[in-house]
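Okay, so here's the structure we're looking at.
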Amino acid sequence: MNQLIECVPNFSEGVNVAVIDQIAHAIKNVNGVKLLNVDPGKAANRTVFTFVGSPGAVVEAAYQAIKMAGQLIDMRAQKGEHPRMGTTDVCPLIPIADITMEETVEYAKQLAERVGTELQIPVYLYEDAQPDKRRSNLSVIRAGEYEGFFIKIKQPGWVPDFGPAENDAKRGATVIGARKLLIAYNINLNTQSTELANAIAFDVRESGRSKPERKPGKLRSVKAIGWFIKEYRVAQVSMNLTDTTVTPIHLAFDEVCKAAKDRGVSVTGSELIGLIPLRSLVDAGRYFLRKQQLDDNISEAELIAVAVQAMGLDELAPFEPRARIIEYLLQDN
């Protein structure tokens, strides 16, 4: 197999279809990459793209997409539920096949340097690409968001890794890096209370809560916040599962169910953002069958169906495995 990198850039536009289509076109125009998924969120005002390809082609496609987003999106008018700091909020590269994380880091740095130098956008490295671990966490970098970066970027310790040390009024700043495969996953609650959703998020996320005293959450390698999605009229616990070998999706779902029950709230279903590895859903299907004391010696398709039903992945929209599972998309392409 040839070297393969996945790129999952998040752009600060989830409503304007024409803008989203033009960014997608910029990606698809690059030979050697395949656009696997485009997942817009209206309330978050954010679109997650997923594409794969050879390292050089992925870097070129990411650059063209970041350039296009900077031309079409104006951060001065951008509002949404999701935290953000620029037109391209974050752009991670993920090693998929025949390539090491160390090699992927070098490609991320190439992309970051080009964006900073040629586009003059402030760029921060994150995760494995960031040598300074005090600023390798995305949420730490993004704290203050677009509005706060005009001051933050001038503070000691927050000079960008590449590009000007001046927040761009139209395009903001961006974060580029290399990381492991991540699952973006939202769990729906039978409440519209952001306060309750946040309390549950603090109960489960690894960093827990800091007030009135520091108390870690129950799930390692999990980031979470609570928000209200006007589009669906539900509050959600919005999570990033940063290492599914530590906390798989089914355990995250179960722990949120427990935390919600403790606060008098019920989980009604969940929502996957972007794509998911096949193994995550197969393992989830086996987990829920064993929990129900049922035989898990069934087909792959049946295990996936069990996982979708148990976690309510189709509550807000139909869940099509061939459009959401990475391995299936790679086969079809």
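A few notes on this one:
- Kirkwood Rh (inverse of mean 1/r, distinct Cα pairs), segment 62-155, angstrom: 14.4 Å
- Among GLU231, GLU127, GLU206, the largest mean-square fluctuation in a Gaussian network model of the chain (Cα springs under 10 Å) belongs to GLU231.
- In degrees, nearest ten, helix 17-28 long axis to first principal axis of the chain (Cα): 80 degrees
- In sequence order, segment 89-94 has phi-based couplings of 6, 8, 9, x, 10, 10 Hz under the Karplus curve 6.51 cos²θ - 1.76 cosθ + 1.60, θ = phi - 60°, and Gly or Pro positions carry x.
- Taking the C-alpha atoms only, the angle from helix 101-118 to the longest principal axis of the chain is near 50 degrees.
- When only alpha carbons are used to place a centre, segment 229-260 and segment 80-132 end up 25 Å from one another.
- Karplus 3J(HN,Hα) series, Hz, for segment 172-179 with 6.51 cos²θ - 1.76 cosθ + 1.60 (x for Gly, Pro): x, 10, 9, 10, 10, x, 10, 8
- Here the Gaussian network model covers the chain, with springs between Cα atoms less than 10 Å apart; of LYS230, LYS211, LYS170, LYS211 fluctuates the most.
- Amide H partners (placed H, <5 Å) of SER193, local residues excluded: ALA235
- Prolate/oblate/rounded label for segment 225-294 (Cα gyration tensor, a/c 1.5): oblate
- Using only Cα coordinates, the Kirkwood hydrodynamic radius of segment 183-332 works out to 15.7 Å.
- Using θ = phi - 60° and Karplus 6.51 cos²θ - 1.76 cosθ + 1.60, couplings along segment 306-321 (whole Hz; Gly, Pro as x): 4, 4, 4, 5, 5, 9, x, 5, 10, 5, 8, 7, x, 9, 9, x
- Most mobile of SER238, SER207, SER299 in a GNM of the chain (Cα contacts under 10 Å): SER299
- Viscosity 0.692 mPa s, temperature 37 °C, Stokes-Einstein D of segment 138-267 from Kirkwood C-alpha radius, µm²/s: 202 µm²/s
- For GLY80, nonlocal amide neighbours, meaning residues 5 or more places apart or on other chains whose placed amide H falls under 5 Å from its own, do not occur.
- Column: log10 I(q)/I(0), Debye, Cα scatterers of segment 4-178, q = 0.11, 0.17, 0.18 Å⁻¹: -0.39, -0.99, -1.11
- Near the amide H of GLY177, within less than 5 Å, lie the amide hydrogens of CYS91, LEU93, TYR126, all on another chain or at least 5 residues away, with H placed in the peptide plane.
- Mean projected area of the Cα convex hull of the chain, taken over all directions, amounts to 16.7 nm².
Throughout, read-outs are computed from the coordinates displayed, never taken from laboratory work. On a predicted model such as this, the values are computed, not experimentally measured, just so you know.
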